[in-house]
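S.K.: This is the structure, below, for whatever I ask next.
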């Protein structure tokens with residue numbers, strides 16, 4: 001069956017058209033002549049016992065230039081008229097709204113999972129059972145010692161015990177991305193511990209919602225390594241550097257990328273991640289490493305392809321699309 005892709009994203013006007021990985025992949029798919037459409041996640045709905053979505057066929061994308069250094073910074077998409085579609089109209093659905101993983105993210109995905117039950121000819125990437133059940137912030141726990149010392153909890157006594165044992169910890173909300181809600185907590189004296197408690201009380205909604213604490217890794221000062229995988233095979237890697245005067249990495253606020261070579265420890269970690277992704281049937285993923293530890297998985301909408309292309313001077317979108325449609 002000929003490949004027919006549907007890209008499901010946040011509303012069109014909210015996308016960063018010069019940096020969005022989904023649009024970059026669609027641009028390269030157009031070059032290969034792949035039939036594809038786009039859909040706003042908000043249009044997914046259940047009517048009676050059928051799941052529908054409003055789709056726009058992608059007629060063309062300009063410029064069609066395979067070499068990133070020569071590519072226009074603003075690709076122009078030409079759409080056909082809006083159509084009412086079902087899952088049966090496509091061979092691949094790429095569910096790529098950005099976090100947070102809240103009800104607005106989960107409910108449309110649950111509808112797609114419902115529609116998928118009766119359709120064996122359409123693949124949802126990544127699988128709904130992964131996106132719904134697995135959490136990007138603690139998926140690394142499945143890798144054992146490759147995850148830094150961590151605690152997921154909402155209870156103050158456990159959070160306090162872990163924090164004091166580590167000295168300094170990084171707080172991460174379990175549903176956010178792009179460094180939203182991330183804080184560095186100090187537990188090394190009474191005043192610092194009380195301040196950490198105040199932050200945790202807010203982030204856990206009065207100690208009712210779990211968060212993750214991880215040991216603060218000083219190696220973040222040298223940056224974190226981004227690994228990009230397709231079907232468990234490493235596609236490329238770069239180094240992401242923290243914001244000036246901060247420990248956080250946030251590409252939207254000015255963190256920079258540089259080319260990098262994997263250390264011996266990172267290579268070993270990468271191989272174990274590869275096996276893990278294959279076992280989970282996660283087709284597209286990006287994983288961040290600090291000091292060789294896997295600190296974050298990204299399989300909801302793994303990004304940075306255009307930015308990595310610019311740094312590496314290599315077309316990364318083309319091999320991704322070729323792998324998806326083969």
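S.K.: Would you confirm whether or not segment 205-227 contains a residue that is on the phi < 0 side of the Ramachandran plot, without any contact (Cβ under 8 Å) to a residue 60 or more places away in the chain, outside any loop (DSSP other than H, G, I, E, B) and in contact with a helix residue (DSSP H, G or I) (Cβ under 7 Å, 6 or more places away or on another chain)?
M.R.: So far as segment 205-227 goes, yes, one or more of its residues are on the phi < 0 side of the Ramachandran plot, without any contact (Cβ under 8 Å) to a residue 60 or more places away in the chain, outside any loop (DSSP other than H, G, I, E, B) and in contact with a helix residue (DSSP H, G or I) (Cβ under 7 Å, 6 or more places away or on another chain).
S.K.: How about segment 175-201: which of its residues are without any contact (Cβ under 8 Å) to a residue 60 or more places away in the chain and assigned to a loop (DSSP other than H, G, I, E, B)?
M.R.: Correct list: 181, 187, 188, 189.
S.K.: Hey, does segment 238-261 have a residue that's touching a residue at least 12 places away in the same chain (Cβ under 8 Å), buried (at least 20 other Cβ atoms within 10 Å of the Cβ) and more than 25 Å from residue 183 (Cα to Cα)?
M.R.: There is no residue in segment 238-261 that is touching a residue at least 12 places away in the same chain (Cβ under 8 Å), buried (at least 20 other Cβ atoms within 10 Å of the Cβ) and more than 25 Å from residue 183 (Cα to Cα).
S.K.: Sticking with this one: Residues in segment 106-113: is at least one closer than 19 Å to residue 23 by Cα and touching a residue at least 24 places away in the same chain (Cβ under 8 Å)?
M.R.: no
S.K.: Scan segment 262-297 for residues that are closer than 24 Å to residue 26 by Cα and crowded, with 21+ Cβ neighbours inside 10 Å and jot them down.
M.R.: 277, 282, 283, 284, 285, 286, 287, 297
S.K.: Here is a follow-up. Which residues, taken from segment 142-157, are farther than 14 Å from residue 172 by Cβ and in a loop (DSSP other than H, G, I, E, B)?
M.R.: If the condition is that a residue be farther than 14 Å from residue 172 by Cβ and in a loop (DSSP other than H, G, I, E, B), then 155 is the only one that fits.
S.K.: How many residues does segment 17-57 contain that are assigned to a strand (DSSP E or B) and either touching a residue at least 12 places away in the same chain (Cβ under 8 Å) or in contact with a helix residue (DSSP H, G or I) (Cβ under 8 Å, 6 or more places away or on another chain) (or both)?
M.R.: So the count comes out to 16.
Where a number appears in this text, it was derived from the coordinates with a stated rule and is not lab data. Just so it is clear, the model here is predicted, and its values are computed rather than measured. As a convention, Cβ positions derive from the backbone with ideal geometry for all residues, glycine included, and neighbour counts pool all protein chains shown.
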